[in-house]
Amino acid sequence: MSMWSIIRRKLATQPSSSSAFVFGRSTSTRGYSTTKVKEALLLGRGSKIVGNVGRNSFLGCPVSSKPVREAVSFFQRDSPIHVQNRSFSSDNGDLVDAVVPFMGESITDGTLATFLKKPGDRVEIDEPIAQIETDKVTIDVASPEAGVIQKLVAKEGETVEPGTKIAVISKSGEGVSESHVAPSEDVPSQAASKPSAGKKKEDKEKPKEETSLPKPKAETSPPKRKAPSPPPPKASATEPQLPPKERERRVPMTRLRKRVATRLKDSQNTFAMLTTFNEVDMTNLMKLRSEYKDAFVEKHGVKLGLMSGFIKGAVSGLQNQPIVNAVIDGDDIIYRDYIDISIAVGTPKGLVVPVLRNADKMNFAEIEKAINTLAKKANDGSISIDEMAGGSFTISNGGVYGSLLSTPIINPPQSAILGMHSIVNRPMVVGGEIVSRPMMYIALTYDHRLIDGREAVFFLRRIKDVVEDPRRLLLDI
């Protein structure tokens, strides 16, 4: 009997109802919408029967679906096809990932320097949990939600990119146990110690077995005359005595230090650097600050320093010698019609260079406020990439560390840098008499490919004239 006959006989024995079932389709006089189900069954020796079972239904209109159910059950009774259900689990929203934030347009990756929190610590929203070292600044990774750190995903020293997951935070604190520890190398060392302990135990047992064996009698032999020992070799007088390796430490360079080293060496390899010097009598500028420092603080809320006087002098020099504010780009010279002064600031983590935007439009008070704000951000590590980008001229004040004289290195892509130094009282000839004056050496390192000695000397002389007589700024002379 064929399979088609069995199917027809099975369906013919069912009681009639308001719906008539035809193999491949079910119709109803009371339904108006159609739902189609397609089944593929493998029967016999590779034969394939495809049945389209149509079922008519309408909201509130019952129809007889018994023939359909029994037909489907008949097909699936001995069918080799098995349906496997897979459950999809949904996140309950308790776990939150802490990822590396966007670090700036010019920064593509960074080094995970340190974790500020460990598994099991409670953190608040926006609280720093790790620090990322980049080529320019150190960036904090803040917690996206308040909760408890469940585990640390990344390891210290790894290179991470924006969007990289470094930790998992549980908002409710559930599932956090002491077994979640920061990644370390203690576990492998403990595991490695177990085989060594077993090996020692075997080594101890071996001598016992050997001692149980009878010792062979030693054969007597006539005594031999000892050969004279050779004299000890004399140490060469030219051989250096190197210190032991135990007194040396090897520490990997930070990304900031590597970036500074690369840029400084690139500067030496690119620019034809030349340095010219001059000295400045600081008497009048120091007298001006001494007379008006209290009134300045009372009005502006910031102390009057010497740096603002040199920045105003540098702005005046750049306006008189615009070539110092320019830069070489290929076969062209780019003249900048703006003056952005970069201030070199030494921090415990390395050298950073924040920028004073549009310094030519700032007065003494605005310059002092901007310098204080940028210096605080640089020292506490909160300075941003945008606050260090750009700059057309740099001022480096080594005098705060006691430097008497130096030759600063150009900060690319700029063309010159001014070096300030310590103030020292020296005997000077003034009006035919020898008097003691507070003097400072200043140095200008410039790219000799672009700037000639004439422009460099005129620029440095302009700074000297403005600092020694600040009234020139008022009269523009």
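The values are calculated or read from the model by the stated rules, or taken from the named source; none is laboratory data. All figures in this text were calculated on a predicted structure; none of them were measured in a lab. Glycine also receives a Cβ, built like all others from the backbone with ideal geometry; neighbour counts cover every protein chain displayed. Calculation scope for accessible area: heavy atoms of the full protein, side chains included, ligands and nucleic acids excluded. Shrake-Rupley method; radii C 1.70, N 1.55, O 1.52, S 1.80 Å.
Which cross-chain or sequence-distant (5 or more) residues have an amide H under 5 Å from the amide H of Ser342, H modelled 1.01 Å from N in plane?
Leu356, Ser392, Phe393, Thr394, Ile395
If you line up the Cα atoms of the stretch 288-339 on their principal axes, what length do they span on each, largest first, in Å?
Cα spread of the stretch 288-339 along its principal axes, largest to smallest: 51, 17, 13 Å.
At R0 = 35 Å, how high is the FRET efficiency between Thr275 and Asn358 if r is their beta carbon distance? Nearest 0.05 is fine.
E(calc), rounded to 0.05, equals 0.80.
Could you check how many percent of all C-alpha pairs in the stretch 319-385 are farther apart than 21 Å?
39 percent
Express the accessible area of the stretch 107-164 per residue in Å², computed with a 1.4 Å probe while the remaining protein chains stay in the model.
46 Å²
Quick check: pseudo-label points 7 Å beyond the Cα along Cα→Cβ at Thr262 and Thr108, how many nm apart are they?
Distance between the two pseudo-spin positions: 1.1 nm.
What is the set of long-range amide H partners of Glu145 at a cut-off below 5 Å, with H atoms built 1.01 Å from backbone N?
Distant-sequence amide H within range of Glu145: Asp126.
In nm, to one decimal, how far is the Thr283 label point from the Ile423 one, both placed 7 Å along Cα→Cβ?
Output for this residue pair reads 1.4 nm.
For a bin width of 5 Å, list the pair-distance distribution of the stretch 320-477 built from all Cα-Cα distances, rounded to whole %.
Here the calculated profile for the stretch 320-477 is 2, 8, 14, 19, 21, 16, 11, 6, 2, 1, 0.
Can you flag which of Lys349/Lys376; Lys265/Lys377; Lys136/Lys464; Lys151/Lys171; Lys151/Lys258; Lys293/Lys369 are past 21 Å Cα-Cα?
Lys265/Lys377; Lys136/Lys464; Lys151/Lys258
According to the Kirkwood expression over distinct Cα-Cα pairs, how big is the hydrodynamic radius of the stretch 244-363, in Å?
Values: mean 1/r = 0.0541 Å⁻¹.
Evaluated over the stretch 244-363, this radius sits at 18.5 Å.
Could you derive backbone 3J(HN,Hα) for the stretch 396-411 from the dihedral phi with the Karplus parameters 6.51, -1.76 and 1.60 (θ = phi - 60°), listing whole Hz in sequence and x where the residue is Gly or Pro?
Each residue's phi maps through the Karplus curve to give 10, 10, x, x, 5, 9, x, 6, 8, 7, 7, 10, x, 9, 5, 8 Hz.
Across 5 Å bins from 0, what is the distribution of all Cα-Cα pair distances for the stretch 404-477, in whole percents?
3, 13, 17, 20, 20, 15, 7, 3, 1, 0
How much length would be gained if the chain were fully extended between Tyr292 and Glu156, taking 0.36 nm per residue of separation minus their Cα-Cα distance, in nm to one decimal?
Net length gain for the segment: 43.8 nm.
Set the Förster distance to 51 Å, then compute FRET efficiency between Met253 and Ile125 from the Cβ-Cβ distance, nearest 0.05. Please report the intermediate quantities before stating the final value.
On the way: r = 34 Å, r/R0 = 0.67.
So, using R0 = 51 Å, E works out to roughly 0.90.
Search the structure for amide H atoms under 5 Å from the amide H of Lys151, placed 1.01 Å from N in the peptide plane, and list their residues when 5 or more places away or on another chain.
For Lys151, whose amide H was placed from the backbone, the distant partners under 5 Å are Val168.
Can you tell me how much longer the chain between Asp94 and Asp452 gets when fully stretched, taken as 0.36 nm per residue apart minus their C-alpha distance, in nm with one decimal?
122.3 nm
Between Asp476 and Ser172, what FRET efficiency follows from the Cβ-Cβ distance if R0 is 56 Å, with the result rounded to 0.05?
Values: r = 68 Å, r/R0 = 1.21.
For R0 = 56 Å, the calculated efficiency reads 0.25.
How large is the accessible surface per residue of the stretch 255-366, computed with a 1.4 Å probe and reported in Å² as a whole number?
54 Å²
So for the stretch 106-153, what percent of the C-alpha to C-alpha distances run longer than 14 Å?
Of the Cα pairs, 50 percent sit more than 14 Å apart.
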